[in-house]
1. In the stretch 104-132, how many are in contact (Cβ under 8 Å) with a residue 24 or more places away in the chain and not small (G, A, S)?
2. Take the stretch 118-151 and flag every residue that is part of a helix (DSSP H, G or I) and among the small types (G, A, S).
3. Name every residue in the stretch 133-174 that is among the aliphatic types (A, V, I, L, M) and touching a helix residue (DSSP H, G or I) at 6+ places or on another chain (Cβ under 6 Å), in order of residue number.
4. Just the residues that are over 20 Å from the mean Cα position of the chain (by Cα), of a type in the set (S, T, N, Q) and within 30 Å of T82 (Cα to Cα), please, taken from the stretch 118-164.
5. Do you know which residues across the stretch 16-32 are in a loop (DSSP other than H, G, I, E, B) and among the hydrophobic types (A, V, I, L, M, F, W, C)?
Amino acid sequence: MATAPSVATMEPLSARIPSDLYLWLAQLQVEGATTNSDKLRVLLSQLKRQHDGAVDYVAAHAWARDLTARLRESLVRAEGRTGQRSEVVNLLLDHLTSTLALVVSQAPADEAQALQFEDALVRRAFALTESLLRHASAPHASALDPHVVRRHVGPTAELAVHLSTLTLKGSSHG
């Protein structure tokens, strides 16, 4: 016999909060929430999931995107005004969002899970490095400052050359 889905009952909540917090809440953009009551329900639900440790990668990713929403919207507005877009900034924001989601959604229970987490985190870091190196290999990065990546790539490129030399020496002795 199938059970009916449980429907949460709503309980009234009354609280006195400082006016600056009230104004902040009133202006806060929360996806799927229009009233202050809706916003409190969404925010408390997010906080409960974080507290309970029940934040899966998808939920953590949505939360991380919410954290960067103001910045992303500001960049879109600037792009609309100037016509300039930075693939480098978007790459970094997407990477940070995904990495934060990965970290927040993890709680390794044993060594095998810790090893999987470490592997995923290192893989993500090298994917970012590879993407930035692609931008550095072009004469001008797709960025607000077309030289920003090349200006900072030097030490990483030197390490990569050194590592390449070590790898070649190691393979010639095999």
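Here, each number is a calculation from the coordinates, and none is a lab measurement. Computed from a predicted structure; not experimentally measured. For neighbour counting, all protein chains shown are included, and Cβ atoms are generated from backbone atoms with ideal geometry for every residue, glycine included.
1. Qualifying residue count for the region: 5.
2. Once the filter is applied, which keeps residues that are part of a helix (DSSP H, G or I) and among the small types (G, A, S), the stretch 118-151 yields A120, A125, A127, S131, A136, S137.
3. If the condition is that a residue be among the aliphatic types (A, V, I, L, M) and touching a helix residue (DSSP H, G or I) at 6+ places or on another chain (Cβ under 6 Å), then A136, A141, A143, V149, V153 are the ones that fit.
4. Hits for the stretch 118-164 are S137, S142.
5. Residues satisfying the conditions are I17, L28.
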